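K.L.:
Pasting a structure here, questions to come.
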Amino acid sequence: MSEERRIFTRLTINPECTITLADKNSFKAEKVVNISIGGCLLEIAGPFTIGEVCLFSIVLHHDAPNLEITAEILRSSEKETTLRFIEISPDNLLHLRNIIRFNAENPDKIEEEIYSHPGLL
């Protein structure tokens, strides 16, 4: 997807994260290639079923609950999988927003993107 079509800025950060499928099988991502408020690209053994809904979890701290986001698998190969975030609690959205803002070159641009899409808030 070209940069012009993207709604949200994508960042390269690498938290520990997993995908859990409806059958409760979990898969740990080797790397978060990029992440935004709207989705992420993961280096993870696949392929997974396109359109399948999963739970994407990011470990915030080992003594804190994980950040959890319901996601849809958009694309998947043997090495990479793209997720589109489809449901997130207000608390988890706040955590995700803070992670992205903290790591962004232009935190104000991230805020503009979030506030221009009120369905996120």
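K.L.:
Arranged by the count of other C-beta atoms within 10 angstrom, fewest first, what order do Thr81, Thr18, Thr70 take?
P.N.:
Lowest to highest Cβ neighbour count: Thr70, Thr18, Thr81.
K.L.:
Right, something else. Arranged by the count of other C-beta atoms within 10 angstrom, fewest first, what order do Ile73, Ile44 take?
P.N.:
In increasing order of surrounding Cβ atoms, one gets Ile73, Ile44.
K.L.:
Enumerate the lysines that Lys79 could reach by cross-link, defined here as Cα to Cα under 20 Å, with residues fewer than 8 away along the same chain left out.
P.N.:
Lys28, Lys31
K.L.:
At what distance in nm do the modelled label points of Ile86 and Asn14 sit from each other, each positioned 7 Å from its Cα along Cα→Cβ?
P.N.:
Each label point is offset 7 Å from its Cα along the Cβ direction, giving 3.0 nm.
K.L.:
Mind listing the long-range amide H neighbours of Gly39? Cut-off is under 5 Å, sequence gap 5 or more, other chains count too, H placed in the peptide plane at 1.01 Å from N.
P.N.:
Here Phe85 satisfy the definition.
Just so you know, all these numbers are worked out from the coordinates, no wet-lab data involved. This structure is a prediction, so every number in the text was calculated from the model and none was measured. Every residue, glycine as well, gets a Cβ built from its backbone with ideal geometry; the counts of neighbours run over all protein chains shown.
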